[in-house]
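Peer 1: Below is a structure I'd like to ask you about.
Since every read-out is calculated from the coordinates, none of them should be taken as a lab result. Because the structure is predicted, anything quoted here is derived from the model rather than measured. Every residue, glycine among them, receives a Cβ derived from its backbone with ideal geometry; neighbour counts consider all protein chains shown.
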Amino acid sequence: MTDTQPLKPVDIRRAAMDLLARREHGSEELFNKLKRRFRRHSECADAIITELAKLTSEGLLSDQRFAAATVRQLILRGLGPRRLDAELRARGLQSDWQSCADSTELEVDWFDRAEQVYLKKFASKPWPKDRADFQKERAKRARFMQYRGFDPDHFIPFLQKDD
């Protein structure tokens, strides 16, 4: 499409529907993708906002549904509660993971989830015998779990040396 042709709402809607057919999108994410696609048109932002409002009112675009799907996906990837909140904010969603989990009746035992993530990463790796090496390994494992978004309460029991 060249910039000499007028931008039609049907073109925006078709592009949005193509993206939504592949997976759920948040309104901010979809707006940014459509804006990049139709950037040659000066009036594109207003037209995109109008079409996104129509899609939302028709129930085809839902930030809550997108957030719930994202939370489920991230939990299955082994991320903890702190990282979930950060990921949702990074994706332009204002809600926290708890409100998403409540809306989908998703219950998570974070202690059990932390244990699964920890064992997947470290089950086959024995603790070093040397005290200095043990401390380094313990710190490494703690950093990994914190990076994944788990609170220390969730993983401290796994950081004890098994003799």
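Peer 1: With +1 on each Lys and Arg Cβ and -1 on each Asp and Glu Cβ, and nothing else charged, work out how big the dipole of the chain is about its Cα centre, in Debye to the nearest 20.
Peer 2: 900
Peer 1: Quick one: in the stretch 9-57, what % of C-alpha pairs are over 14 Å apart?
Peer 2: Value for the stretch 9-57: 41 percent of Cα pairs lie more than 14 Å apart.
Peer 1: Taking a cut-off of 30 Å between Cα atoms, list the lysines near LYS120, but don't count ones fewer than 8 places away on the same chain.
Peer 2: Partners found: LYS129, LYS136, LYS140, LYS161.
Peer 1: Related question: How long is the gain from ASP151 to SER42 if the chain were fully straight, where each residue apart is worth 0.36 nm and the alpha carbon distance is subtracted?
Peer 2: Extending this stretch completely gives an extra 34.5 nm.
Peer 1: Under the Kirkwood approximation applied to all pairs of distinct alpha-carbon atoms, what is the hydrodynamic radius of the stretch 4-163 in Å?
Peer 2: Mean inverse Cα-Cα distance, inverted, gives 18.5 Å.
Peer 1: When a footprinting reagent is the concern and you count Cβ atoms within 10 Å, what order do MET17, MET145 take, fewest first?
Peer 2: Fewest-to-most Cβ neighbours within 10 Å comes out as MET17, MET145.
Peer 1: Using Cα atoms only, what is the angle between the long axis of helix 44-57 and the major principal axis of the chain, expressed in degrees (0 to 90) to the nearest 10?
Peer 2: Between the helix axis and the principal axis of the chain, the angle is about 70 degrees.
Peer 1: Right, another one. Kindly provide the helix-only [θ] at 222 nm of the chain, computed as the sum of -39,500 (n - 2.57) over DSSP H runs of four or more divided by all residues, to the nearest 500 deg cm²/dmol?
Peer 2: Helices in the chain give a 222 nm mean residue ellipticity of -19500 deg cm²/dmol.
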